[in-house]
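The values are calculated or read from the model by the stated rules, or taken from the named source; none is laboratory data. None of these values were measured; they are calculated from a predicted model. Cβ atoms come from the backbone with ideal geometry, glycine included; neighbour counts cover every protein chain shown.
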Amino acid sequence: MSVEQTAPPQGPAHVAIIMDGNGRWAQMRGRPRLFGHHAGARRVREMVEACPALGVKYLTIFAFSTENWKRTQTEVAGLMTLFRRYIVREARDLLARGVRVRFIGDRIRLDEKLVTLMDELELMTSGNDRVHLTIALNYGGRDEVTRAARRLAYEIEMGRLTHRDVDAETLARFLDTHVLPDPDLVIRTSGEARISNFLLWQSAYAEYEFVDTLWPDFTAAEFGRIVRAYAARDRRFGTVRA
């Protein structure tokens, strides 16, 4: 784990969400896929607002994967515009609500204006601690581990580490999420039962919940039901029941 688990006994401290189904939601209504992405973006605020009452300190959302570049140029360009607008529109509200925002993923391929807005939002909210919102943007689990291994290899090359220093905890320090606790619960919407290269290392012992609801229809009430039901799960982390 990146840092010590902080989850209270009654529920998960860190929930991660694979927000799937925007495109299908739009197509079912005869609208372009971007219409669904805009509807999905509005759901993010609702989930963030619900977190404090549910005892969720950390919320991580999968916004754009390293594989999403394969989509049409129109959809990708529209998503990048949506991300910029989201940051500009939501920044003050996030700050006022005590939300600290972080972005994970490889920023090299993102346009300069978007990266500048990301940096500014992270700095603006860096003093907040009520909810920690992490947005995975141009993120892939394999890509993250590869980048971490590359940085670790560089430290060895520079003589600051040796191969004997390398263990799971050492590698975790080089991950994008090194300042976050591992997720307790991962939710995927839209009826698909796969993890899609999301937080592969961090979710080794996470509980999963796959729901049929398309992301734009996923409400705070459903979110609350899933979070509260988590308390009934028996998490043994490889041990046996006493």
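Being more than 22 Å from residue 217 (Cα to Cα) and crowded, with 19+ Cβ neighbours inside 10 Å: is that true of residue 99 here? Yes, satisfied. Looking across the stretch 47-58, the residues that are part of a helix (DSSP H, G or I), farther than 18 Å from residue 22 by Cα and among the hydrophobic types (A, V, I, L, M, F, W, C) come down to 48, 50, 51, 53, 54.
State yes or no: is residue 190 at pLDDT 95 or above, surrounded by 19 or more Cβ atoms within 10 Å (Cβ to Cβ), small (Gly, Ala, Ser) and under 17 Å from the mean Cα position of the chain (by Cα)? Yes: the conditions hold for residue 190.
Is at least one residue of the stretch 165-187 touching a Leu at 6+ places or on another chain (Cβ under 6 Å), among the polar types (S, T, N, Q) and within 22 Å of residue 68 (Cα to Cα)? No, there is no match, as no residue in the stretch 165-187 is touching a Leu at 6+ places or on another chain (Cβ under 6 Å), among the polar types (S, T, N, Q) and within 22 Å of residue 68 (Cα to Cα).
The set of residues in the stretch 205-225 being under 23 Å from residue 143 (Cβ atoms) and over 15 Å from the mean Cα position of the chain (by Cα) consists of 205 alone. Out of the residues in the stretch 103-118 meeting the condition of being more than 23 Å from residue 34 (Cβ to Cβ) and among the aliphatic types (A, V, I, L, M), tell me which one is modelled with the highest pLDDT. Among them, the one singled out is 104.
Residues that are assigned to a strand (DSSP E or B), of a type in the set (Phe, Trp, Tyr) and free of Cβ contacts under 8 Å to residues at least 40 places away in the same chain occur at least once in the stretch 90-112. When you check residue 100 against the structure, is it at pLDDT 95 or above, in contact with a His (Cβ under 6 Å, 6 or more places away or on another chain) and more than 26 Å from residue 23 (Cα to Cα), yes or no? Spelling it out, residue 100 is indeed at pLDDT 95 or above, in contact with a His (Cβ under 6 Å, 6 or more places away or on another chain) and more than 26 Å from residue 23 (Cα to Cα). Note on the stretch 102-126: among residues that are hydroxyl-bearing (Ser, Thr, Tyr) and under 19 Å from residue 59 (Cα atoms), the one that is surrounded by the most Cβ atoms within 10 Å (Cβ to Cβ) is 125. Residue pairs whose Cβ atoms lie under 8 Å apart, sitting 6 or more positions apart in sequence or on different chains, and linking a residue in the stretch 59-84 that is part of a helix (DSSP H, G or I) to a partner that is of a type in the set (Phe, Trp, Tyr), are 76/69; 79/64; 83/64.
Among the candidates 208, 139, which residue alone is among the aromatic types (Phe, Trp, Tyr), modelled with pLDDT of 95 or more and surrounded by 18 or more Cβ atoms within 10 Å (Cβ to Cβ)? Explain how you work it out, then say what you get.
Working: 208 fails: surrounded by 18 or more Cβ atoms within 10 Å (Cβ to Cβ).
Among 208, 139, only 139 is among the aromatic types (Phe, Trp, Tyr), modelled with pLDDT of 95 or more and surrounded by 18 or more Cβ atoms within 10 Å (Cβ to Cβ).
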